[in-house]
Amino acid sequence: MSAERVSYATCPLCEATCGLEITTRGEAVVKIRGDEQDVFSHGFICPKGASIGALHSDPDRVTTPLRKNASGTFEPVSWEAAFREIDERLTPLLAERGRNAAAVYLGNPSAHGFSSLVYGRGFTKALGTRNVFTASTVDQMPKQVAVGLMFGAGLSVPVPDIDRTDYLMILGANPMASNGSLLTAPDMRGRMRALRARGGRLVVVDPRRSRTAEEADEHVFIRPGGDAFLLAAMAHVIFEEGLDDLGTVGSHVSGLEDARAACARFAPGAVESACGVDAERIARLARELAAAERAAVYGRIGTCTQEFGTLASWLVDVLNTITGNLDRKGGAMFPKAAVGQTNSSGKAGSGRGVDLGRWHSRVRGAPEAFGELPAVCMAEEIETEGEGQVRALFTVAGNPVLSTPDGERLARALDSLDLMVSLDIYVNETTRHADFILPGPSPLRRSHYDIAFYQLSVRNIVNYSPPVLEPEPELPDEWVTLLRLMGIAAGQGPDADVEALDDFVAGAAAQREVSNSASAVAGREPAGLLGDLEPRRGPERLLDLMIRCGPFGDGFGARTDGPLLTLAKLEDAPHGIDLGALEPRVPEMLRTPSGKIELAPAPILADMERMAAAFDRYRNGSLVLIGRRQLRSNNSWMHNVAPLVRGKDRCTLWVNPTDAERIGLSETGFARVRNETGDIELPVEITDAIMAGVVSIPHGWGHDLEGVELSVAREHAGVNSNLLAGTDLLDPLSGNAVLNGIPVELEAA
Ligand SMILES: Nc1nc2c(c(=O)[nH]1)N[C@H]1C(S)=C(S)[C@@H](COP(=O)(O)OP(=O)(O)OC[C@H]3O[C@@H](n4cnc5c(=O)[nH]c(N)nc54)[C@H](O)[C@@H]3O)O[C@H]1N2
Ligand SMILES: Nc1nc2c(c(=O)[nH]1)N[C@H]1C(S)=C(S)[C@@H](COP(=O)(O)OP(=O)(O)OC[C@H]3O[C@@H](n4cnc5c(=O)[nH]c(N)nc54)[C@H](O)[C@@H]3O)O[C@H]1N2
Ligand code: SF4
Ligand SMILES: [Mo]
């Protein structure tokens with residue numbers, strides 16, 4: 001019997017990037033616990049991280065390519081045959097119908113994987129389609145649009161400096177369940193408790209008394225979709241009472257007067273009914289925020305996936321700016337990541353900024369943002385005939401049938417495609433529609449570096465994990481699959497040389513670096529850099545290149561002081577390297593054309609008219625639906641992991657006692673929830689943790705569909721709340737879906 005071995009790896013499941021200590025014997029996982037030596041998470045772990053072993057050994061996980069046969073069932077197929085047939089079907093389609101006939105949907109886990117992020121981009125580019133959809137438009141796109149316009153890059157999101165702040169206002173986030181989002185900070189509970197222990201104040205704004213609200217000094221119930229009103233009114237008070245103070249960023253701010261004018265009509269008294277918070281309280285919250293020594297406002301999914309997502313996201317940072325808290329210790333700060341960050345590469349202090357709406361979706365004319373179109377457009381782009389109709393779809397680590405609005409309609413549309421290929425690890429609600437499922441390895445058999453989430457981290461951290469278990473040759477990493485698909489998309493056929501393609505990708509990356517005049521390696525020979533990276537290949541070669549050229553890198557010898565990072569140094573530090581607390585970065589990190597913080601971007605001011613027209617929207621007393629994340633769920637896809645779904649039914653409807661009584665609902669019964677988009681039934685939980693007029697259903701459930709091969713999840717199926725989300729509801733600037741604040745009707749079932 002083989003000996004036990006202990007490995008350390010960063011958990012790839014959510015944004016918190018916890019360190020795991022994984023004990024294996026041979027191929028079996030013996031135990032997983034938090035890595036106490038991890039420089040960032042210090043032993044913190046959640047139930048999902050502890051269940052990676054169960055995910056690894058899940059017998060339902062797909063471990064060989066699958067092809068759907070004529071009778072509609074999946075059968076194993078060789079990689080060679082799969083790529084050959086994909087080429088045979090895709091290549092003529094693209095030739096006949098053009099590049100836009102193919103679409104991609106990139107799901108959430110693809111943002112966590114270095115290889116899917118970097119090589120996925122290569123594949124998408126090779127496809128050359130405008131029909132790129134991702135989970136970002138059911139998530140954070142409004143924040144990206146807002147910060148893109150304000151600071152010049154879509155990931156320049158200021159994060160609350162939680163470990164040093166005295167006052168934190170959280171809107172629409174529940175880090176006690178989600179473990180933080182656009183806020184990489186393992187052990188948020190510990191960090192929030194430490195904030196209060198040092199005398200700080202925590203305020204949570206949520207239509208629901210979430211677990212985070214229970215941790216807070218103050219919980220403010222808000223009407224779903226009311227955040228922009230509340231925040232604009234707070235800004236109004238701060239301006240009116242002369243409490244505004246730009247602090248250290250003062251000389252870098254443009255548009256202050258326009259922002260002031262834009263908030264003028266949103267006096268607390270005017271917005272009361274729109275947000276459900278009384279005027280006195282709004283004014284007090286504004287004064288408290290302005291008076292706090294070091295404060296930060298932080299908004300997340302509840303402020304994004306709603307009607308005024310971009311406005312609310314923008315107003316969060318307007319408040320941070322006008323209270324002098326932007327870019328200061330204990331305020332809202334810009335991380336400096338070691339790898340891949342737009343705002344620390346190229347010329348410092350100004351840049352191209354962002355252009356939105358460079359093209360539009362074919363059917364409804366929705367604007368592109370950051371190269372992608374709204375996920376709510378996917379079904380219509382498949383259904384609607386004409387030039388540019390989507391006939392082939394590639395999904396990469398995504399489950400849009402459950403995660404995006406109106407999954408029933410999308411499911412029908414998927415069945416009408418000429419070709420659907422899913423890179424995924426399960427036969428689930430989405431991938432059951434595919435012609436081919438191309439699996440990736442278990443998370444324990446691949447390396448990991450969180451390129452996206454260290455850009456949003458409350459400390460500057462690097463941590464690289466090699467695979468815990470030997471990769472299996474028959475189940476290659478996803479970058480290999482993506483390169484082969486890239487070869488097909490580029491017209492090189494199914495047998496393109498993967499190594500040559502990878503050399504091409506690495507060569508192009510090195511070329512970009514040396515032609516960047518601000519880079520430490522500007523003007524050098526790409527071949528020289530590639531030589532220094534030998535014998536690395538694949539993601540490790542790219543990662544090493546990016547680390548060494550990044551702000552903490554060795555610059556391939558060009559730098560002589562600083563951490564002088566290389567991938568080798570990361571390999572020698574299995575618990576990560578802490579590069580320190582966040583430091584002020586304005587103006588160096590700005591990438592707006594003006595080199596200023598644009599406090600009042602024109603597209604945003606224009607959108608405020610829409611908000612002003614909605615003052616009275618919520619007076620009619622109708623019911624609206626919101627979601628709620630659950631600690632032991634991970635969006636739609638970890639319900640097949642038995643330890644995570646044990647216990648009582650979690651897919652329930654939360655109803656306030658007054659609504660329950662009025663409608664005649666009882667705890668032991670079911671409710672029927674419906675609107676013009678959908679109609680579902682589920683068990684009721686009556687609780688005053690949800691405000692009157694609002695009901696809540698968690699998303700990501702509904703696993704009992706035909707063809708789904710998730711034996712555990714099927715036993716805990718639940719219902720899909722997004723059957724009630726219409727594809728017509730979106731935040732117009734960002735294209736983001738509205739998943740919170742959806743009008744519904746309720747009756748006993
Ligand atoms: N009503 C409502 N809807 C929501 C939300 C909400 O709050 N309310 N939240 C939204 C948000 S924030 C998000 S991010 C989206 C998520 O939307 P999606 O990303 O579309 O959905 P997920 O449930 O994350 O599905 C992940 C998929 O990746 C697969 N997968 C897991 N690991 C791997 C891997 O290593 N490789 C590959 N190839 N596949 C893998 C899983 O099997 C699953 O099919 O959902 C959104 N939908
Ligand atoms: N355990 C677990 N962790 C996860 C995930 C998961 O599915 N499970 N998903 C991951 C992903 S992809 C993401 S994007 C993050 C999201 O992380 P969070 O943003 O923290 O997500 P939620 O826990 O859904 O918190 C959203 C809160 O917004 C509230 N809300 C709804 N509508 C409104 C509104 O109009 N205004 C305000 N102010 N509040 C509103 C809801 O009641 C809820 O408490 O979590 C990540 N972490
Ligand atoms: S909080 Fe997130 S990163 Fe940490 S163990 Fe849980 S799932 Fe993994
Ligand atoms: Mo998300």
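Observations
- Each residue in segment 1-55 was checked for being basic (Lys, Arg), in contact (Cβ under 8 Å) with a residue 24 or more places away in the chain and either under 25 Å from Val645 (Cα atoms) or within 16 Å of ligand 4 (Cβ to nearest atom) (or both), and 1 of them qualify.
Quick grid of which residues meet (1) under 22 Å from Tyr167 (Cα atoms); (2) open to solvent by less than 10 Å² (accessible area, probe 1.4 Å); (3) modelled with pLDDT of 95 or more; (4) away from ligand 2 (no atom under 16 Å from the Cβ):
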site: Ala259; (1), (2), (3), (4): no, yes, yes, yes
site: Ala279; (1), (2), (3), (4): yes, no, yes, yes
site: Ala290; (1), (2), (3), (4): yes, no, yes, yes
site: Ala295; (1), (2), (3), (4): yes, yes, yes, yes
site: Thr303; (1), (2), (3), (4): yes, yes, yes, no
site: Glu307; (1), (2), (3), (4): no, no, yes, no
site: Leu315; (1), (2), (3), (4): yes, yes, yes, no
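- Scanning segment 710-723 turns up one or more residues that are under 22 Å from the mean Cα position of the chain (by Cα) and surrounded by fewer than 23 Cβ atoms within 10 Å (Cβ to Cβ).
- Selection count, segment 626-645, where residues are more than 10 Å from Ser178 (Cβ to Cβ), within 8 Å of ligand 1 (Cβ to nearest atom) and open to solvent by 30 Å² or more (accessible area, probe 1.4 Å): 2
- Residue within segment 509-517 that is closer than 28 Å to Lys143 by Cβ, in the same structural domain as Gly98 (by TED's automatic domain parsing) and open to solvent by less than 30 Å² (accessible area, probe 1.4 Å) present: no
- Only one entry in Glu408, Glu385 is away from ligand 3 (no atom under 16 Å from the Cβ), among the charged types (D, E, K, R) and free of Cβ contacts under 8 Å to residues at least 12 places away in the same chain, namely Glu385.
- Verdict on Leu438 being crowded, with 21+ Cβ neighbours inside 10 Å and either within 16 Å of ligand 3 (Cβ to nearest atom) or not assigned by TED's automatic domain parsing to the domain that holds Leu117 (or both): no
- Criterion: farther than 18 Å from Arg281 by Cα and in contact with a Leu (Cβ under 9 Å, 6 or more places away or on another chain) - qualifying residue of Leu155, Leu202: Leu155
- Leading residue by the ranking (surrounded by the fewest Cβ atoms within 10 Å (Cβ to Cβ)) among those in segment 412-432 that are farther than 30 Å from Tyr8 by Cα and out of contact with any Ser or Thr (no Cβ under 8 Å at 6 or more places or on another chain): Asp415
- Qualifying residue in segment 396-404 (condition: on the phi > 0 side of the Ramachandran plot, within 16 Å of ligand 3 (Cβ to nearest atom) and of a type in the set (Gly, Ala, Ser)): yes
- Any hit, segment 609-620, residues being touching a residue at least 12 places away in the same chain (Cβ under 8 Å), under 30 Å from Asn179 (Cβ atoms) and within 13 Å of ligand 2 (Cβ to nearest atom): no
- Of the strands (runs of 3 or more DSSP E) lying entirely inside segment 93-186, the ones with 1 or more residues being more than 16 Å from ligand 3 (Cβ to nearest atom) and within 30 Å of Ser416 (Cα to Cα) are found at 102-106, 132-134.
- Strands (runs of 3 or more DSSP E) within segment 663-742 that include 3 or more residues touching a Leu at 6+ places or on another chain (Cβ under 9 Å) and either among the β-branched types (Val, Ile, Thr) or in the same structural domain as Pro400 (by TED's automatic domain parsing) (or both): 679-686
- Within segment 3-34, the set of residues being part of a loop (DSSP other than H, G, I, E, B) and either of a type in the set (Val, Ile, Thr) or within 25 Å of the chain's Cα centre (by Cα) (or both) comprises Cys11, Pro12, Leu13, Cys14, Glu15, Ala16, Thr17, Cys18.
- Checklist (1) assigned by TED's automatic domain parsing to the domain that holds Arg164; (2) part of a loop (DSSP other than H, G, I, E, B); (3) at negative phi; (4) of a type outside the set (Val, Ile, Thr) applied to Gly330, failing item: (3)
- Taken over segment 472-488, the criterion of being under 17 Å from Val62 (Cα atoms) and of a type outside the set (A, V, I, L, M, F, W, C) is satisfied by Glu472, Pro473, Glu474, Pro476, Asp477, Glu478, Thr481.
- Residue match in segment 117-129 (condition: within 16 Å of ligand 1 (Cβ to nearest atom), within 13 Å of the chain's Cα centre (by Cα), surrounded by fewer than 24 Cβ atoms within 10 Å (Cβ to Cβ) and in contact (Cβ under 8 Å) with a residue 40 or more places away in the chain): yes
The values are calculated or read from the model by the stated rules, or taken from the named source; none is laboratory data. For clarity, every value in this text was computed on a predicted model and none was experimentally measured. Reconstructed Cβ throughout: ideal geometry from the backbone, glycine too, with neighbour counts over all protein chains shown. The protein model used for the area step is the full one, side chains on, heavy atoms only, and it has no ligands, DNA or RNA in it. Shrake-Rupley method; radii C 1.70, N 1.55, O 1.52, S 1.80 Å.
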